[in-house]
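My structure is below; once you've seen it, I'll send some questions.
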Amino acid sequence: MTIVRAGLIVLATLAVLVAVVAGVGMMLPRDHVETRSAKLPADPDAVFAAIADVGSYAAWRTSLSAVEVLAPVNGRARWVDVSGGDRIAMEQVERQPPRRLVTRIADPDLPFGGTWTFELAPDEGGTRLTITERGEIRNPIFRAVARFVFGYGTTMETFLAELRARLG
């Protein structure tokens, strides 16, 4: 077998794989809702302060290399999560201390978007924090990978574990 023929076989195989993944992604719903919850060892005021202080996220969220806090728009806090070469613009869309906080991805050009709703309730000397993700994945390839490789709740689970560590 020549190198050219082997290369063509590899390229054809990759093209078929991408087409299958895209086809599966097109059959999946664009929108999803996923919820995760955890009891945290701090009162609701302390938990709310930690999740609302986006400027300190890079100090305890291992997936972030930096956070760039932007000027508020219409009274809404805004920032950019920086993770390696990726930049995701975010904003707070609702703030009711210490019970509820809603954030959203504020970049319509990304292949995904959505909101996280943080709901806090006292729970036996700590706080029950529930995060609900209402997401949309516009790109069918990303949709299939998110559903079958990463899972919709992985980022929320990591956030809760890192927040628990931050709160001690």
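Read the figures in this text as sums done on the coordinates, not as results from a lab. Note that the structure is a prediction, hence the values are computed from the model and not measured. Please note: Cβ atoms are built from the backbone with ideal geometry, for glycine as well, and neighbour counts cover all protein chains shown.
What list of ³J(HN,Hα) values in whole Hz, one per residue of region 33-39 in order, does the Karplus curve 6.51 cos²θ - 1.76 cosθ + 1.60 (θ = phi - 60°) give from phi, with Gly and Pro shown as x?
With coefficients 6.51, -1.76 and 1.60, one gets 10, 9, 10, 9, 9, 8, 8 Hz.
Okay, moving on. Specify whether the C-alpha gyration tensor of the chain places it in the rounded, prolate or oblate class, a ≥ b ≥ c being the square roots of the eigenvalues: rounded for a/c under 1.5, otherwise prolate if a/b is larger than b/c and oblate if not.
Taking the square roots of the gyration eigenvalues as a ≥ b ≥ c, the chain is prolate.
Give the relative contact order (percent, whole number) for the chain; include only Cα pairs under 8 Å separated by 6+ residues.
Across the chain, relative contact order equals 29 percent.
Just want the ordering: Leu28, Leu14, Leu129, from fewest to most Cβ atoms lying within 10 Å of their own Cβ.
Arranged by neighbour count, lowest to highest, Leu28, Leu14, Leu129 become Leu14, Leu28, Leu129.
While we're here: How high is the relative contact order of region 73-168? Use alpha-carbon pairs under 8 Å, at least six apart in sequence, and give a whole percent.
15 percent
Order these by the 10 Å Cβ neighbour count, fewest first: Val67, Val33.
Starting with the residue having the fewest Cβ neighbours, the order is Val33, Val67.
Tell me, what ³J(HN,Hα) does each residue in region 78-94 have, in order and in whole Hz, if you take phi through Karplus 6.51 cos²θ - 1.76 cosθ + 1.60 with θ = phi - 60° and put x for Gly and Pro?
Going residue by residue, I get 9, 7, 10, 7, 10, 9, x, x, 8, 10, 10, 6, 10, 8, 8, 10, 8 Hz, with x marking Gly and Pro.
222 nm [θ] for the chain, helices only, -39500 (n - 2.57) per DSSP H run of 4+, per residue, to 500?
One gets -10500 deg cm²/dmol as the mean residue ellipticity at 222 nm.
Once amide H atoms are built 1.01 Å from N in the peptide plane, which residues 5 or more positions from Asp43, or in another chain, come under 5 Å H to H?
It is none; the list stays empty.
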